[in-house]
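Below you'll find the structure, written out as structure tokens, and then a few comments.
The values are calculated or read from the model by the stated rules, or taken from the named source; none is laboratory data. Treat the numbers as computed from the prediction; the structure is a model and nothing was measured. Cβ: placed from backbone, ideal geometry, glycine included. Neighbour counts: every protein chain shown. What goes into the accessible areas is simple: the full protein's heavy atoms, side chains included, and nothing from ligands, DNA or RNA. Shrake-Rupley method; radii C 1.70, N 1.55, O 1.52, S 1.80 Å.
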Amino acid sequence: MNNTLKYLSIQHELGMAIGTSLRLQPMLATFSRILLRRLGMSSVHFHFLQTAAGEPVLQASEPADRLEHFLSVPRNAPAIVVPESCLDGEATVVRIERRVSERIEHHCYSFRLGDFGAISVQRIGNALDPPIIELLKPLMIRLALSCQASIEHENLLQAIAARRKAEETILFQLLHDDLTQLPNRRQLMRRLDAELLSARSGGRCGALLFLDLDRFKMVNDTLGHAIGDLLLVAVAERLTLIMAGDGLVARLSGDEFILLVGGLSGDEDRIRLRVDALLAEIRAGFSDALQAGDHRLHVTPSIGIAIFPDGDCSAEQILRCADTAMYQAKLAGLNSSVYYNRQLSAGLELRRQLEKELQLALKAPQQFELYYQSQHNLAGECIGAEALIRWHSPYRDEPSPVTFIPVAEETGLMLELGRWVIRQACADIQRLLAGDLPPTFRRISINVSAIQFNHPDFVESLFADIDEAGIDAHRIALELTESTLIRNHQAAATRMALLRARGVEIAVDDFGTGYSSLAYLSRLPVESIKIDQAFVRDLDSNAGNRAIVETIIALGRALEIELIAEGVETEAERASLEALGCHNYQGFLFSRPQPLDGLIGRLRNSLAKA
Amino acid sequence: MMVKDQHVVLVERRSIEDLDAAIDRLRKDGSRSFMLLACADDGWDPAVLSTWLATVDAPVFGGIFPSIIHAATCRRHGTLVIGFSETVEIAVVNRLSDRAGMEPQLLASAELLERAQSLIVLFDGLCPNLEAFVESLYAIVGVRAAVVGGGAGYLDLVQRPCLLSNIGVLEDSAVLVALSNVIDRGMAHGWQRLSGPFLVTRSQGNMLDELNYQPAFDVYRTAVEAHSGQRFSDTDFFSIAKTFPLGIEGVDGDFLVRDPIKQVGDALICVGEVPQNATVYLLKGEVGALIASAGDAARAARAQCQHRGNVANASMALVFDCISRLFFLGAAFDTELAAIESVLAECGDVTGALTLGEIASSKAGVIELMNKSTVVALIGTPPRP
């Protein structure tokens with residue numbers, strides 16, 4: 001009777017210790033402690049089927065999967081091996097083992113826990129009474145059910161955690177840039193919206209700094225995109241360091257980064273002081289080289305700044321304003337910064353409009369026409385003419401080449417436009433040659449931009465146009481600027497040699513406005529120099545211009561290069577040029593630019609007079 | 001006035017200078033660490049003691065106990081300074097009554113505890129959470145290290161600073177001393193079954209609410225009054241209860257003694273946990289049986305020592321004997337100590353403390369928190385490095 005009560009109380013106490021926690025480990029730890037104390041055990045061990053990550057599971061993923069150790073109490077108890085056949089059959093008790101070591105008895109009992117685990121208990125000294133083992137059997141079945149519930153619960157928790165992590169990852173990816181882990185455009189725009197709202201309601205201001213790395217493309221082109229990416233990461237880290245948590249650093253795309261600073265107070269001057277201080281920090285931050293792989297690279301940003309709120313401007317508009325200012329900063333040179341103002345937008349809008357119209361015009365090239373301004377010798381005889389493009393735009397009143405040529409050059413449209421000019425000039429020369437020409441008339445000069453001249457197909461394409469028109473290449477002179485010749489000097493020399501061999505003349509246009517070193521002239525097959533009209537102006541009264549022109553003329557003579565002065569508008573200027581030794585002229589004094597028919601008529605008249 | 005006996009110095013006065021002198025003397029004899037067993041009745045000022053402990057440039061540990069044992073005699077005054085020839089390592093667990101805070105501290109010291117050959121564990125005997133502490137300690141230490149120790153504190157049962165360490169006098173704490181030498185131990189209580197069994201049908205920690213679905217005090221009173229002839233209505237609770245402890249029956253039929261020290265309403269407050277659903281018996285004490293059990297504890301320790309091929313006379317005997325045995329045995333308590341001394345005659349010193357609860361690793365290896373028991377430990381000479 002006494003033992004019966006004892007057994008009942010043991011069974012009850014152990015039974016109460018099952019399922020004390022939904023989590024497997026705490027539940028087993030509590031059960032183990034009661035088991036140790038109540039049955040005088042020295043250790044308790046649990047083995048379960050487990051995933052590779054050590055998470056208990058209810059079913060083996062492979063038939064050969066074995067039980068793995070999960071928990072021992074005490075934790076430093078010597079490891080125990082569960083019988084291999086533990087999960088075979090239906091028996092709850094899978095092992096009763098006795099061994100004697102140093103005259104001390106050690107007993108080990110293993111019980112099956114469902115189809116997924118086992119519990120083993122060890123005892124030093126007396127063996128457990130058979131009734132105790134019997135009472136443990138139903139307890140172990142209950143424990144198995146509790147373990148199963150805990151494992152299912154934990155699997156569910158893990159699935160929830162994995163899902164939450166996946167959601168967090170997706171959310172992170174949605175709002176961050178993959179490469180730098182910085183906030184991306186989406187997050188930037190959300191934040192900018194919030195800053196705008198806060199600035200408007202709180203009467204404060206903010207600043208958006210649009211950074212574009214100078215010459216980043218060169219890094220990608222020369223060192224590869226992998227180094228380029230490392231550089232972008234380094235830039236992101238440097239910017240984050242500079243901002244030190246005070247504001248947002250975002251990557252917009254490519255080499256474009258945004259710094260967003262909110263909560264600025266005071267008048268515009270004070271805000272600018274704050275932003276200027278930040279700009280100084282950025283300059284200082286980028287004065288050191290950045291490490292990108294094995295390379296230490298110096299990189300500078302061009303920065304456009306938009307202060308907000310600016311009227312009713314939306315976040316998108318503020319970003320565009322900063323972009324516009326950044327574009328201006330790029331034009332101002334490396335490592336520059338420009339604050340946005342509305343004039344910048346107006347200028348940029350004009351350029352964008354012109355670009356669109358130019359694209360349309362190139363599809364309908366009849367909008368373009370070549371005018372010709374004749375060139376004359378000392379005797380006033382016509383020795384040639386310069387082809388000058390005119391654009392009869394349906395949208396605006398005869399836009400000046402000074403306005404649209406730079407747009408064409410910046411947007412890459414210059415290649416197409418230049419090709420049209422050459423073809424049209426060749427066709428016009430063919431018409432000129434079809435009639436009578438004064439014997440002094442030598443050639444038509446065509447302006448060629450650097451982009452055009454440096455294109456690998458330029459020479460081949462020019463020769464094709466000459467051949468198609470069936471004209472003599474000697475009737476063409478190409479006017480190149482100094483900078484075109486200086487840049488890519490070796491390739492330029494090779495091309496010029498090919499042109500000269502065919503008979504095409506090379507003239508240096510706007511001479512004197514570019515590089516002071518003129519040594520290149522002696523090494524290139526240049527036949528004539530055009531003295532820029534800026535030096536011709538007021539030559540009779542301007543000592544400075546006079547000195548420059550004297551030098552150019554002396555150089556031409558020394559190198560036996562022909563000279564022609566542009567923009568000659570008065571007889572006094574012409575007389576001065578003559579006195580200095582320049583005997584060829586172009587300008588309003590002789591003729592305004594005129595359509596081809598006008599030039600043909602003029603030449604015919606001169607022949608008739610002769 | 002100091003009495004020196006091998007590695008033990010009894011400091012009779014409450015004097016910091018005498019403590020310093022004792023430590024100096026033991027240090028000259030080769031001691032590198034020091035255990036201090038002080039008496040509550042000496043009224044040490046914890047602030048003064050803390051300041052001094054912080055200045056001792058060697059590991060120092062110990063406790064303030066109701067009484068100490070020196071030369072097989074119980075003393076209510078004086079401090080034992082016991083020298084250890086090894087430099088022991090000490091871990092302190094604070095906020096012992098906060099289970100959630102206690103376990104991480106033990107885990108933080110796990111490397112030290114697992115490395116030790118044996119551990120002396122002194123604890124605040126009035127801490128309410130001792131069972132959990134002992135379980136957590138076993139979960140880390142396991143069977144590898146033998147554990148012995150006892151509870152420090154004051155007989156007025158008011159918890160206050162009572163543990164000594166290099167960081168001062170501590171309350172609600174435990175001091176765990178890792179030794180590199182082996183401790184052989186024996187423990188016994190001598191209390192015998194009187195009536196029962198009773199099923200613990202409601203309890204919480206050390207508060208026993210119901211036995212056999214009846215108010216615990218009613219069941220206890222009925223059983224005790226029937227055997228003792230005394231009445232709780234006209235006698236102080238503890239003066240009767242000290243003679244009739246409860247015993248939690250183990251699976252092998254042995255008893256883990258639980259001392260009811262207080263009655264609160266219908267509940268009994270015990271020293272140590274009484275788990276719900278356990279079977280308990282009412283125990284009785286007989287002077288002869290208790291004294292004999294103390295001798296049994298000493299014999300078990302000596303047998304273990306000899307079994308391992310060690311020489312008992314190279315060991316120091318340390319006794320943690322429950323203060324309630326003194327209350328029960330009265331003048332016969334010295335006979336109990338003499339019984340221990342006679343078994344361990346070759347050991348030289350029988351020193352120790354009268355404690356509020358005792359702990360030791362059982363034969364099965366599990367660390368047990370005991371009441372009204374005697375723990376005898378033989379501390380061997382550490383192995384040469």
Review point. Against the longest principal axis of chain A, how steep is helix A:268-285, in degrees 0 to 90 to the nearest 10, with axes from Cα atoms?
Key: 80 degrees
Check your understanding: Within the range B:239-263, what residues put their amide N at less than 16 Å from the label point 7 Å along the Cα-to-Cβ vector of B:T222?
Key -> none
Point to revise | Relative intensity, log₁₀ I(q)/I(0), of the range A:275-432 from a Debye sum that treats every alpha carbon as a point, q = 0.09, 0.15, 0.19 Å⁻¹ | key: -0.52, -0.92, -1.15
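Would you mind calculating the gained length between B:I167 and B:A289 on full extension (0.36 nm times residue separation, minus the Cα-Cα distance), in nm to one decimal? Don't skip to the answer; put the middle values down first.
Numbers: separation 122, 0.36 × 122 = 43.92 nm, distance 4.16 nm.
The span from B:I167 to B:A289 would gain 39.8 nm if fully extended.
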Review point. Beyond 14 Å, what share of the Cα-Cα pairs of the range B:111-191 remains, rounded to the nearest whole percent?
Key: 66 percent
Review point. Using only helices, what value at 222 nm comes out for chain A when you add -39,500 (n - 2.57) per DSSP H run of length 4 or more and divide by the total residues, to the nearest 500 deg cm²/dmol?
Key: -16000 deg cm²/dmol
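Anything in chain B that counts as a DSSP H helix reaching 24 Å or more along its axis (C-alpha) with Kyte-Doolittle mean of at least 0.0? List them, would you? Can you show the working numbers first?
Values: long enough: B:287-307 (30 Å, 0.24).
Those that pass (Cα extent of 24 Å or more, hydropathy at least 0.0) are B:287-307.
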Practice item. Using the Karplus curve 6.51 cos²θ - 1.76 cosθ + 1.60 with θ = phi - 60°, work out ³J(HN,Hα) for each residue of the range A:369-380 in order, rounded to whole Hz, and write x for Gly and Pro. Key: 8, 9, 9, 10, 10, 6, 10, 9, 9, 4, 7, x
Revision key, fill the gap. In the range A:19-46, accessible area falls by at least 40 Å² from chain alone to full assembly (1.4 Å probe) for A:R33, A:R37, A:R38
**Study point:** Chain lengthening between A:I133 and A:A547 when straightened (0.36 nm per residue, less Cα-Cα)
**Key:** 137.1 nm
Exercise for review: Please pull out the direction-averaged projected area of chain B, using the convex hull of its alpha-carbon atoms, in nm² to one decimal place.
Suggested key: 17.8 nm²
**Study point:** Binned Cα-Cα distances of the range A:114-188, short to long, each 5 Å bin given as a whole percent
**Key:** 4, 11, 13, 11, 9, 8, 7, 7, 6, 7, 5, 5, 4, 3, 1
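In debye, nearest 20: dipole of chain B around its Cα centre with unit charges on the Cβ of K, R (+) and D, E (-)? It would help to have the intermediate numbers written out before the result.
On the way: 30 positive and 46 negative charges, 120 e Å.
With Lys and Arg at +1 and Asp and Glu at -1, about 580 debye.
What does the charge count around A:L260 come to, taking other residues whose C-beta lies under 9 Å from its C-beta (Lys +1, Arg +1, Asp -1, Glu -1)? Mind showing how you got there, number by number?
Numbers: positive: A:R191; negative: A:E195.
Result for the neighbourhood of A:L260: 0.
Enter the buried accessible area of the B/A pair, total of both sides, probe 1.4 Å, in Å² rounded to the nearest 100.
What B and A bury together is about 2500 Å².
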Review point. Taking the Cα atoms of the range A:410-481, what is the range of coordinates along each of the three principal axes, in descending order and whole Å?
Key: 40, 24, 16
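Taking the DSSP beta bridges in chain B as the whole, what percent of them are antiparallel, to the nearest 5? Before the final figure, lay out the partial values.
Working: 80 of 99 bridges.
Roughly 80 percent of the DSSP beta bridges within chain B come out antiparallel.
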Review point. Going by a 1.4 Å probe on protein heavy atoms, which residues of the range B:183-225 end up with at least 40 Å² less accessible surface in the whole assembly than in their chain alone?
Key: B:P197
Practice item. Compute, for B:T51, the solvent-accessible surface of its heavy atoms (probe 1.4 Å) with the complete set of protein chains present, and express it in square angstrom to the nearest 10. Key: 90 Å²
Point to revise | Relative pair counts by distance (%), Cα atoms of the range A:48-105, 10 Å bins | key: 17, 42, 31, 9, 1
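Taking the range A:103-135, which trypsin sites (Lys or Arg not before Pro) meet the DSSP loop condition and have no more than 15 other C-beta atoms within 10 Å? List each step's numbers first, then the result.
Details: sites: A:R103, A:R112, A:R123; in loops: A:R103.
Passing both the DSSP loop test and the Cβ count: A:R103.
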Point to revise | Coordinate range along principal axes, alpha carbons of the range B:242-365, Å, largest first | key: 51, 34, 21
Point to revise | Cα-based reach from A:K356 at 15 Å (exclusive), listing aspartates and glutamates while leaving out same-chain residues under 8 positions away | key: A:E409, A:E410, A:E416
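When 1/r is averaged over all different Cα pairs and the result inverted, which Kirkwood radius in Å belongs to the range B:19-100? Display every interim value, and only then the final one.
Working: mean 1/r = 0.0714 Å⁻¹.
Computed over the range B:19-100, the radius equals 14.0 Å.
Looking at the range B:192-284, I'd like the Rg to Rh ratio, where Rg is from alpha-carbon atoms and Rh is Kirkwood's inverse mean 1/r.
Details: Rg = 11.8 Å, Rh = 12.7 Å.
A ratio of 0.92.
Compute the accessible area per residue over the range B:15-57, keeping the other protein chains in place, probe 1.4 Å, unit Å².
On the way: 1890 Å² over 43 residues.
About 44 Å² of surface per residue is accessible.
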Review point. What base-10 log of the normalised intensity I(q)/I(0) is obtained for the range B:135-243 from the Debye formula, alpha carbons as equal point scatterers, at q = 0.20, 0.21 Å⁻¹?
Key: -1.18, -1.21
Point to revise | In nm, spacing of pseudo-spin labels at A:T240 and B:Q204 (7 Å Cα→C-beta vector) | key: 5.1 nm
Practice item. Select from A:S21, A:Q367, A:N184 the residue farthest towards the positive end of the dipole of chain A; place +1 on Cβ of Lys and Arg, -1 on Cβ of Asp and Glu, and compute about the Cα centre. Key: A:S21
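Please work out the ratio of the alpha-carbon Rg of the range A:163-315 to 2.2 N^0.38 Å and round it to two decimals. Don't skip to the end; give the middle numbers.
Details: Rg = 16.5 Å, N = 153, 2.2 N^0.38 = 14.9 Å.
The range A:163-315 yields a ratio of 1.11.
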**Study point:** Taking the convex hull of Cα positions in the range A:1-114, its mean projected area over all directions (nm²)
**Key:** 9.1 nm²
Study note, to complete from the structure: Taking a crude spin-label model, label points 7 Å out from Cα along the C-beta direction, the A:C313 to A:A379 distance in nm is 6.5 nm
Point to revise | Carbon + sulfur, % of accessible area of chain B - ligands and nucleic acids excluded, 1.4 Å | key: 50 percent
Practice item. May I have the count of lysine pairs in chain B with C-alpha atoms under 12 Å apart, counting pairs 8 or more residues apart or located on different chains? Key: 4
Revision key, fill the gap. Tilt, helix A:414-434 to longest principal axis of chain A (alpha-carbon atoms), in degrees rounded to tens, equals 20 degrees
Exercise for review: Over chain A, with every protein chain in place, what whole percent of the accessible area is carbon and sulfur at 1.4 Å, could you tell me?
Suggested key: 52 percent
Check your understanding: Check B:G62: other-chain or 5+ apart residues with amide H under 5 Å from its amide H, H built from backbone geometry?
Key -> B:L36, B:L164
Check your understanding: Once you have the alpha carbon radius of gyration of the protein assembly as shown, what is it after dividing by 2.2 N^0.38 Å, with N set to its residue count?
Key -> 1.70
Check your understanding: On average, how much accessible surface per residue is there in the range B:192-284, in Å², for a 1.4 Å probe, leaving out ligands, DNA and RNA?
Key -> 40 Å²
Point to revise | Isotropic mean projected area of the C-alpha convex hull, the range A:70-196 (nm²) | key: 13.8 nm²
Practice item. Could you calculate the FRET efficiency of A:K356 with A:L334 from 1/(1 + (r/R0)^6), where r is the beta carbon distance between them and R0 is 35 Å, rounded to 0.05? Key: 0.75
Review point. In Å, what Rg and Dmax follow from the Cα atoms of the range A:372-434?
Key: 14.5, 43
Point to revise | Where labels lie 7 Å past Cα in the beta-carbon direction, separation of A:W420 and A:N126 in nm | key: 11.1 nm
Check your understanding: In Å², what does the accessible area per residue of chain A work out to with a 1.4 Å probe?
Key -> 48 Å²
Study note, to complete from the structure: Full extension between A:T570 and A:D436 adds, at 0.36 nm per residue less the Cα distance, a length in nm of 45.3 nm
